[in-house]
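Asks: The structure follows.
The values are calculated or read from the model by the stated rules, or taken from the named source; none is laboratory data. Because the structure is predicted, anything quoted here is derived from the model rather than measured. Virtual Cβ from ideal backbone geometry, glycine too; neighbours counted across all protein chains shown. Accessible surface areas use protein heavy atoms only, side chains included; no ligands, DNA or RNA. Shrake-Rupley method; radii C 1.70, N 1.55, O 1.52, S 1.80 Å.
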Amino acid sequence: GGMLAAAVLLLLAAGPGPGPGPVRAGRDALREELLLSPLPDGDVAATFQFRTRWDADLQRGAVSHYRLFPKALGRLVAALGVRELHLALTQGFWRTRLWGQPPLQAPPGAELWVWFQPTVTDVDKAWEELSNILSGIFCASLNFIDSTNTVTPTASFKPLGLANGTDHHLLRYAVLPREVVCTENLTPWKKLLPCGSKAGLAVLLKAERLFHSSYHSQAVHIRPICRDASCLAVSWELRQTLTVVFDTFSSGQGKKDWSLFKMFSRTLTDACPLASQSKVYVDISPKNKEKELLEVTPPPASVHEAVVQGDKRTYAVYDLLSPSLFNTSRSLNVQLKWKRPQDSLDLPTPVLHAQRYVSGYGLQTGEISTLIYNTHPYRAFPVILLETVPWYLRLYVHTLTIITKGKENKPSYIHYQPAQDRRRPHLLEMLIQLPANSVTKITIQFERALLKWTEYTPDPNHGFYVSSSVLSALVPSVIAMKDVDVEQSPLFTSLFPSSDGSSYFVRLYTEPLLVNLPTPDFSMPYNVICLTCTVVAVCYGSFYNLLTRTFHVEEPSRGGLAKRLANIIRKFRGVPPL
């Protein structure tokens, strides 16, 4: 019992906020960085991070002057009592098994989860108001977030920043899997940057290239962090992240050689003048035991080694604030060339990955299956699974089965909140132990409900989306990780801090599901309406004319002067009169 409680507490506490950094004289600071990661199949992932740290107390409302921190978000945090805010807008799906663990993964569509301050009395009202305001700021359909797709997790989504307590009643989580991300969402996101898209790394954010890719995800993270080592004062951190994956087919290159110009149709000419740090990292880690396969030009001025997600990585670093960088040429165009073709068969699979699918036949019942893989050769670890299912899929909880290596695997923690029709979705959270080198299959059966005809979407035969499952786990690390200074380490290593040196925190998302519901033939009402309108128009029109028309008998007249003249002329011509 004690060991289990310790494991639960270790997993549920996703780690407190990042470690303290040195005291700075300025009240706010901006750091920007770009991480280029070659993927095993020849694609390349680019991750932008812009971090604004502000030494101010937003909650007390005493802030009137905004310099780097966007005023729209600062006033939002102060007015609605927000403690932490995480918003992600994603197009496409990150293929964890092929591409490895992402720096920051998000589910397809729109994801929003928020922690409110304990002083907020009506959390649901603040949540509704917050989603409507964010919908206006980012030009997204977040106003469709309501009670039917909002849940309050009890074990997942613990605060990533400073937190005095973790009362889960102050947490709200929602996903809109159908949200389509495009340029109208990217433009307001870029306007929040201190330099906009005029200087620095944001120059590369050209919408035409970013959306011509196989995966695109942009996010905003706001959280309180320690101001200094004593942690007596609080600073606020805003992280704007954007991840995009370019593949060789959609880019039209056909080759596995990449450069900044091939990816973004632009090159870097300077750093953002407001930034205190501006760097480009290129992952040149050898993918197998042989020597490195990747060659980067121009030669990097420095090389950084770090343990990221349990693996030792080597990065080539280009510092845009270094005076010597732009001495030889006016622009920086980092080029990645493979020395020899890669052998994709030898590439290691991630320690933790998952997939989900729906099975069954007919339009009455079905089954949701989730497969969770632990590929670690000798370490077992627990994982928290969060399932959110809409109310119109009626789950049979007694059919829940968890099978590992042919045996039943009982969860050590389970929380289920049943759905209420047209009011709230199903919420299922479980803490499951994953044995080493195993596959765990979780199945649950459901029944499809029949909606009212006004509740169907405009394209009901396309299907109805079920949002992604969420996996949260402390994955054992292959290499011992040392405590590093957060202010000196790259940004992509410090959003999810490791609780200790032996494990690192991972949050993964499975695929969203597309489920068909019993759908009436919507052409029949159209036919009935047309037929009814025709019958009503013909019958009612005829009866109305008969009932309201007045009939007059006209006496035959002798005709006027014109008629008599015409008859005289016709008589002379020998033609019968009119």
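Asks: Just wondering, is there one or more residues in the stretch 469-480 that are touching a Gly at 6+ places or on another chain (Cβ under 9 Å), assigned to a loop (DSSP other than H, G, I, E, B) and either among the acidic types (Asp, Glu) or modelled with pLDDT of 85 or more (or both)?
Replies: Within the stretch 469-480, not a single residue is touching a Gly at 6+ places or on another chain (Cβ under 9 Å), assigned to a loop (DSSP other than H, G, I, E, B) and either among the acidic types (Asp, Glu) or modelled with pLDDT of 85 or more (or both).
Asks: Criterion first (at pLDDT 90 or above and open to solvent by less than 70 Å² (accessible area, probe 1.4 Å)) does VAL535 satisfy it?
Replies: no
Asks: Shifting gears a bit: Can you find, within the stretch 160-198, the residue that is most open to solvent (accessible area, probe 1.4 Å) among those that are charged (D, E, K, R) and in a helix (DSSP H, G or I)?
Replies: Applying the first criterion (charged (D, E, K, R)) to the stretch 160-198 yields 167, 172, 178-179, 184, 190-191, 198.
Narrowing further to those that are in a helix (DSSP H, G or I): 184, 190-191.
Working: GLU184: 85, LYS190: 33, LYS191: 157 Å².
Checked the stretch 160-198; the qualifying residue most open to solvent (accessible area, probe 1.4 Å) is LYS191.
Asks: Could I ask something else about it? Output the residues belonging to the stretch 69-86 that are buried (at least 17 other Cβ atoms within 10 Å of the Cβ) and of a type outside the set (Gly, Ala, Ser).
Replies: Passing the criteria: PHE69, PRO70, LEU73, LEU76, VAL77, LEU80, VAL82, ARG83, GLU84, LEU85, HIS86.
Asks: In the stretch 230-270, how many residues are over 23 Å from the mean Cα position of the chain (by Cα), basic (Lys, Arg) and at pLDDT 85 or above?
Replies: Counting residues in the stretch 230-270 that are over 23 Å from the mean Cα position of the chain (by Cα), basic (Lys, Arg) and at pLDDT 85 or above gives 2.
Asks: From the set of residues in the stretch 36-45 that are farther than 25 Å from SER276 by Cβ and of a type outside the set (A, V, I, L, M), which is modelled with the lowest pLDDT?
Replies: Checking each candidate, the answer is ASP41.
Asks: Could you tell me whether any residue of the stretch 442-463 is at pLDDT 95 or above and of a type in the set (A, V, I, L, M)?
Replies: yes
Asks: Kindly provide the set of residues from the stretch 439-467 that are under 24 Å from THR404 (Cα atoms), open to solvent by 10 Å² or more (accessible area, probe 1.4 Å) and either hydroxyl-bearing (Ser, Thr, Tyr) or outside any strand (DSSP E or B) (or both), ordered by number.
Replies: THR443
Asks: Could you list all residues from the stretch 46-80 that are at pLDDT 90 or above and either touching a Pro at 6+ places or on another chain (Cβ under 9 Å) or part of a loop (DSSP other than H, G, I, E, B) (or both)?
Replies: Once the filter is applied, which keeps residues that are at pLDDT 90 or above and either touching a Pro at 6+ places or on another chain (Cβ under 9 Å) or part of a loop (DSSP other than H, G, I, E, B) (or both), the stretch 46-80 yields THR47, GLN49, PHE50, THR52.
Asks: May I pose another question? Quick check on the stretch 378-399: of everything there that is under 24 Å from SER438 (Cα atoms) and surrounded by fewer than 17 Cβ atoms within 10 Å (Cβ to Cβ), which residue is farthest from the chain's Cα centre (by Cα)?
Replies: TYR378
Asks: Residue by residue through the stretch 127-159, note down the ones that are part of a helix (DSSP H, G or I), open to solvent by less than 10 Å² (accessible area, probe 1.4 Å) and among the aliphatic types (A, V, I, L, M).
Replies: The answer is LEU130, LEU134, LEU142.
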